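Here the structure is laid out as structure tokens; the discussion comes afterwards.
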Amino acid sequence: MCVHLVAAGWTILFRNLRLGALEIDVVARRGEVVAMCEVRTRGPGAYEGALASVGPEKRARLLRAADALFREHVAALEGAPRLRIDVAAVALGPGPDDVRVEYIAGAL
């Protein structure tokens, strides 16, 4: 996922960032925007799609993590950055090169 973000012009700030009991998969910055990215991966035989796996409980945890991330890291950055929550759905196909990424900016 980080390769996808860097190719789109983002700078990776954190990977697998722990904030107490909360974990954030990827935090990246481009200009005045800091994106907190939740990465959901599913294989070809998965019963539930990657995006469908972000239910109410997961959304609540993401919002708590975003609050902690802003207070502990983002607020101190130069350039008055804005924080948004993105979700990346990674679908793995049957072949080793069969990977599809659906990136939803501002998902929450």
The chain: angle of helix 56-69 to the longest principal axis, Cα-based, in degrees nearest 10: 30 degrees
L108 versus S53, label points 7 Å from Cα toward the beta carbon: distance in nm? 1.6 nm
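Once you have the Cα-Cα distance between L63 and E23, take 0.36 nm times their residue separation minus that, and quote the gain in nm to one decimal.
Working: separation 40, 0.36 × 40 = 14.40 nm, distance 1.16 nm.
Result for the pair: 13.2 nm of gain on full extension.
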For the chain, the longest stretch holding no GluC sites (Glu not before Pro) located in a DSSP loop with at most 15 other Cβ atoms within 10 Å is which? 1-31
How big is the C-alpha Rg of the chain next to the rule-of-thumb value 2.2 N^0.38 Å, as a ratio? 1.09
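Provide the percentage of antiparallel DSSP beta bridges, counting only those with both residues in the chain; round to the nearest 5.
Details: 18 of 28 bridges.
The answer is about 65 percent antiparallel.
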Run the quick spin-label model on T41 and R15: label points 7 Å from Cα toward the beta carbon, then report their separation in nm to one decimal. 1.1 nm
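A short reminder: the numbers here are calculations on the coordinates, not readings from a lab. What you see is a predicted model, and the numbers here were worked out from it, not measured in a lab. When we count neighbours, we look across all protein chains shown, and the Cβ atoms used for this are built from the backbone with ideal geometry, even at glycine.
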